[in-house]
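Since the structure comes first, as structure tokens, the remarks are kept for the end.
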Amino acid sequence: MSRDADDPAARDGLVAWMERRQVAVYLVALAVGTVVGLATPGLGPGLEYAINPLLYVTFRQVPAVELVRSLGDGRFLATALVVNFAVVPVVVAAMFTFLPGDQAVRLGVLLVLLCPGGWSPDSAPTPTAPSTAGRLGGMS
């Protein structure tokens with residue numbers, strides 16, 4: 001008897017399989033992503049959503065009730081705060097010297113690594129005021 005792709009049992013089976021082999025799946029995904037990205041960089045924008053299944057499996061394992069309960073766990077909260085506000089900045093500072101000299105790249109890396117829930121083009125506000133470019137400074 002074959003399972004249909006729309007069968008919930010088949011989906012649950014795939015999720016369970018991915019959960020059991022989560023580290024291996026991540027490593028394979030990183031390797032494939034690296035090879036594809038280096039070989040054909042133009043495919044990147046079209047493939048950016050390929051990470052969604054990995055994120056789904058990761059976040060499906062965290063029940064919302066546990067997230068609320070974790071806020072009451074002082075040890076967990078202290079660890080999260082120390083890592084986010086002490087360890088990560090030190091690691092980023094150590095990496096900073098290895099970044100390209102371009103200030104825009106450096107700023108982008110700092111924003112991505114130090115600002116959780118960072119900015120994406122989809123979340124950017126749309127401008128409401130007309131642009132003054134060309135009217136200031138005599139440029140047309």
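Residue-level analysis places residue 67 outside the set of residues that are farther than 22 Å from residue 19 by Cα, of a type in the set (A, V, I, L, M, F, W, C) and out of contact with any Ser or Thr (no Cβ under 8 Å at 6 or more places or on another chain).
Tell me yes or no: at least one residue of region 95-104 is within 23 Å of residue 49 (Cα to Cα) and either in a loop (DSSP other than H, G, I, E, B) or modelled with pLDDT under 85 (or both). No, because not a single residue in region 95-104 is within 23 Å of residue 49 (Cα to Cα) and either in a loop (DSSP other than H, G, I, E, B) or modelled with pLDDT under 85 (or both). For residue 27, are the conditions met, namely being closer than 23 Å to residue 13 by Cβ, surrounded by 10 or more Cβ atoms within 10 Å (Cβ to Cβ) and aliphatic (A, V, I, L, M)? Against the criterion (closer than 23 Å to residue 13 by Cβ, surrounded by 10 or more Cβ atoms within 10 Å (Cβ to Cβ) and aliphatic (A, V, I, L, M)), residue 27 qualifies.
Taken over region 56-87, the criterion of being part of a helix (DSSP H, G or I), hydrophobic (A, V, I, L, M, F, W, C) and touching a helix residue (DSSP H, G or I) at 6+ places or on another chain (Cβ under 7 Å) is satisfied by 57, 76. Look at residue 47 and say whether it is in the same structural domain as residue 20 (by TED's automatic domain parsing) and either more than 30 Å from residue 18 (Cβ to Cβ) or surrounded by 10 or more Cβ atoms within 10 Å (Cβ to Cβ) (or both). Judged against the criteria, residue 47 is a match.
The values are calculated or read from the model by the stated rules, or taken from the named source; none is laboratory data. Fair warning: this is a prediction, and the values are worked out from it, not measured in the lab. Cβ atoms come from the backbone with ideal geometry, glycine included; neighbour counts cover every protein chain shown.
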